[in-house]
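Here the structure comes first, spelled out in structure tokens, and everything after it is commentary.
The values are calculated or read from the model by the stated rules, or taken from the named source; none is laboratory data. Quick caveat, the model's predicted, so the values are computed rather than measured. For neighbour counting, all protein chains shown are included, and Cβ atoms are generated from backbone atoms with ideal geometry for every residue, glycine included.
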Amino acid sequence: MRQPARTIGGSPSLLQCGPALAGSILLGTLLVLAVLAPILAPHDARTLFEPLLPPSPQHPLGTDDIGHDLLSELFYGARFSLSIGLLSALLSTTIGTLLGLLAGYKERLGYAIMRIVDVFLAVPRFPLIVLMAAFLQPGAGTLLFFFTLFGWPRAARLVRAQVLSERNKGYVEAAQLIGARDRRIMARHLLPSAAPIALPRFIAEFQHVIVAESGLSFLGLGNPLVKSWGLMLSFAFRYPSIMVTDLWVRWALPPGLCITLVVLSLALLSYALEEQAIPHLRAWKSSATLLSQAAYATRSERPRQKPGREGLAP
Amino acid sequence: MGTKAIQTLLTLLTLVSLNFFLPRLMPGDPLSYLDNNDPGTDSAMLLTEEMRSQLLAYYGLDRPLGEQYLRYLGGLLRGDMGWSIYYNAPVWNVLWGRLKWTLLLVGTATAIYVTLGSVLGAFSAWKRGTPADAGLLVATFALGSWPSFFLAMLLVIAFGLHWQLFPVGGARSPYLLDASRWEKARDVAYHMVLPVAALVLTQFSGVYMLMRNAMLGVLGEDYIRTAYGKGAPERRVLFQHALPNALLPVVTMIAMRLGFVLMGSMFVEVVFAYPGMGTMIREACMARDYPMLQGAFLITMLFIMACNLAADLLYGFLDPRVGPSGAREVRSA
């Protein structure tokens with residue numbers, strides 16, 4: 001009961017490896033299904049058949065109220081839902097990391113960037129995206145733009161904090177002394193130190209966008225012409241007798257479960273990342289280290305001191 | 001502090017301006033919903049050109065944009081949020097009628113998920129590495145991944161339709177006018193069970209993880225070792241020494257998460273046809289009721305910003321070691 005909270009180093013136990021493995025397998029499978037949609041899907045998602053067909057060999061999940069094959073819709077829906085999540089997470093993390101690097105390294109420019117970041121962070125983003133969607137009835141491009149617009153400041157702030165703590169370390173000063181240019185220092189020396197912070201941010205962003213996009217579609221604010229899981233759910237929910245017949249098992253359950261599985265796999269991955277990268281991420285990880293700056297320092301140093309202390313004691 | 005105040009004001013102004021200009025970028029206008037000429041609406045009203053311009057003039061929609069904007073700002077300063085076109089009532093009256101239900105839902109759910117999350121999180125940290133801890137972790141991951149509207153649908157299907165234990169929607173039974181106060185309260189509570197359950201189940205994982213991590217951190221502190229060392233019983237160490245300190249981040253998290261819960265309740269309300277803000281926002285979207293939407297979002301965003309500010313201040317107050325802006329690090333993660 002009284003050993004230190006977590007052991008650092010040592011061989012990773014199943015509790016540490018399991019989540020990463022499960023998460024990557026799950027996410028990988030879903031991504032492969034999305035990429036292979038044209039091959040795997042029994043029909044084109046836009047072809048119309050007879051409405052509300054029961055399951056049959058031609059239509060393993062049957063058809064919806066206007067005759068779309070539900071299984072094909074599921075496959076093609078994966079493409080949109082996953083790609084918008086992946087793309088906007090990628091864009092906002094990249095932009096955020098670059099601006100965070102600049103903001104951390106160049107003091108004056110950094111001040112200006114951080115004021116912008118502060119404003120963005122003070123604005124609750126989901127209500128604003130709902131408002132925007134309600135008014136602009138966005139296509140995929142606009143949606144991507146807005147998710148990125150509200151996504152980058154979080155990454156920028158975290159990366160800047162990291163760069164600030166690295167900037168005055170010996171290796172950076174050494175690089176400056178031998179005359180390396182700013183661009184090289186940022187790209188070769190500071191960027192690698194920021195990567196462990198950008199990656200969890202990417203995962204969190206992916207999660208947020210997947211859920212937000214499906215939520216928007218569910219509220220009827222998505223683009224009705226694009227196939228996505230949220231939209232499938234939305235149409236299913238609006239069908240009058242969806243819940244009293246077993247239609248929901250074929251129509252609402254699969255897309256809902258898919259969204260859940262994506263979020264779950266990302267949660268597992270980020271948990272595994274947090275656990276794996278302890279010594280480095282400790283100072284960054286908010287949840288475990290809220291107490292104070294001073295508390296983090298002592299806590300993250302203790303495991304390293306401990307063997308020495310015990311060695312000296314006898 | 002001065003820059004902080006200016007920044008808050010700037011953010012507010014940005015929000016209010018966005019709130020004003022976004023609806024005006026939208027295709028169509030509020031009258032096209034009333035008007036039969038617009039495809040996609042099924043209103044039986046036909047507007048002549050004359051009636052249209054008269055209505056536009058009546059609502060001030062024919063004025064230049066700048067003037068409309070200044071009028072809007074002036075109105076807000078006087079507490080006037082405008083007149084809802086769809087509900088035909090002052091925005092604030094409609095809003096307040098709906099907000100009550102949402103606050104009831106969000107308040108109840110928050111009380112439950114925070115209690116449950118912190119108790120189980122603390123327990124999990126205390127029993128770290130045991131099957132109980134692992135089981136709770138897995139269960140939390142599994143539960144925390146459901147989108148709230150999907151979980152709400154499943155709850156309706158299982159408990160509302162299949163087992164018929166709880167009502168499938170609404171906030172109270174109709175025709176209960178002459179019931180006693182007690183019976184009415186019971187009826188409202190009965191209708192709240194499923195929506196609150198949906199919110200609790202989706203929100204609970206955040207508090208649980210935070211509490212577990214905070215508790216794990218605290219349990220490694222020197223003063224805990226001291227407490228054990230001086231022979232304090234396990235229970236006392238946990239509840240008197242560890243718990244209050246681990247609760248610190250949770251307290252601020254509650255304030256910050258209220259905004260998330262509010263958005264989550266929007267989806268849940270839609271599924272349960274609960275007469276709160278969420279369903280109202282959806283109706284207002286459909287009807288393109290600008291003033292109503294603007295009012296709803298202004299209130300939502302003010303509420304969330306107030307929560308964030310409260311979290312900032314509360315954190316500085318609860319933990320004097322950190323400056324007043326300590327909680328920001330929490331939020332940005």
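Here is how the numbers come out for the structure above:
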item	result
Subset of the stretch B:225-279 that is closer than 30 Å to B:Leu293 by Cβ and of a type in the set (D, E, K, R) - its residue that is surrounded by the fewest Cβ atoms within 10 Å (Cβ to Cβ)	B:Arg257
Selection status of B:Ser17, in contact with a Phe, Trp or Tyr (Cβ under 8 Å, 6 or more places away or on another chain), modelled with pLDDT of 80 or more and either surrounded by fewer than 16 Cβ atoms within 10 Å (Cβ to Cβ) or among the acidic types (Asp, Glu) (or both)	yes
Hits in the stretch A:131-140 - residues which are closer than 25 Å to B:Glu283 by Cβ, more than 7 Å from every other protein chain (Cβ to nearest Cβ), in contact with a helix residue (DSSP H, G or I) (Cβ under 9 Å, 6 or more places away or on another chain) and surrounded by fewer than 22 Cβ atoms within 10 Å (Cβ to Cβ)	A:Pro138
Pairs where the first residue, in the stretch B:45-63, is more than 19 Å from B:Trp83 (Cα to Cα) and the second is loosely packed, with under 12 Cβ neighbours inside 10 Å and modelled with pLDDT of 75 or more, C-beta under 9 Å, 6+ apart	none
Flag for A:Leu143 being within 14 Å of chain B (Cβ to nearest Cβ) and in a helix (DSSP H, G or I)	no
Of residues in the stretch B:167-195 being in a loop (DSSP other than H, G, I, E, B) and within 14 Å of chain A (Cβ to nearest Cβ), the one surrounded by the fewest Cβ atoms within 10 Å (Cβ to Cβ)	B:Gly169
Candidates B:Leu76, B:Leu136 - the one that is touching a Phe, Trp or Tyr at 6+ places or on another chain (Cβ under 9 Å), in a helix (DSSP H, G or I) and surrounded by fewer than 22 Cβ atoms within 10 Å (Cβ to Cβ)	B:Leu136
From A:Val244, A:Val209, A:Val226, A:Val263, residue being touching a Ser or Thr at 6+ places or on another chain (Cβ under 9 Å) and in a loop (DSSP other than H, G, I, E, B)	A:Val226
Inter-residue pairs, beta-carbon under 8 Å, first more than 9 Å from chain B (Cβ to nearest Cβ) and in the stretch A:106-130, second among the acidic types (Asp, Glu) and assigned to a helix (DSSP H, G or I), 6+ apart	A:Lys106/A:Asp182
Filtered residues of the stretch B:270-289 (kept if more than 11 Å from the chain's Cα centre (by Cα), over 23 Å from B:Ala158 (Cα atoms), of a type in the set (A, V, I, L, M) and more than 10 Å from chain A (Cβ to nearest Cβ))	B:Met280, B:Ala287
Residue under evaluation A:Arg6, criteria (1) crowded, with 16+ Cβ neighbours inside 10 Å; (2) modelled with pLDDT of 75 or more; (3) under 18 Å from A:Ser270 (Cβ atoms), criterion not met	(2)
Breaking point among (1) within 13 Å of chain A (Cβ to nearest Cβ); (2) under 30 Å from B:Gly220 (Cα atoms), for B:Pro147	(2)
Residue identified as out of contact with any Lys or Arg (no Cβ under 9 Å at 6 or more places or on another chain) and either within 16 Å of A:Trp229 (Cα to Cα) or surrounded by fewer than 20 Cβ atoms within 10 Å (Cβ to Cβ) (or both) among A:Leu33, A:Leu70	A:Leu33
Where B:Ile254 falls short, out of the listed (1) among the aliphatic types (A, V, I, L, M); (2) at the interface with chain A (Cβ under 9 Å from one of its Cβ atoms); (3) farther than 19 Å from A:Ala133 by Cα	(2)
Residue in the stretch B:120-135 that is at pLDDT 90 or above and away from chain A (no Cβ under 14 Å) present	yes
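Okay, residues lined up against (1) within 9 Å of chain A (Cβ to nearest Cβ); (2) in contact with a helix residue (DSSP H, G or I) (Cβ under 8 Å, 6 or more places away or on another chain); (3) within 22 Å of B:Leu22 (Cα to Cα):
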{"position": "B:Ala197", "(1), (2), (3)": "no, yes, no"}
{"position": "B:Leu210", "(1), (2), (3)": "yes, yes, no"}
{"position": "B:Asn213", "(1), (2), (3)": "yes, yes, no"}
{"position": "B:Arg225", "(1), (2), (3)": "yes, no, no"}
{"position": "B:Arg236", "(1), (2), (3)": "no, yes, no"}
{"position": "B:His241", "(1), (2), (3)": "no, yes, no"}
{"position": "B:Asn245", "(1), (2), (3)": "yes, yes, no"}
{"position": "B:Leu262", "(1), (2), (3)": "yes, yes, yes"}
{"position": "B:Val268", "(1), (2), (3)": "no, yes, no"}
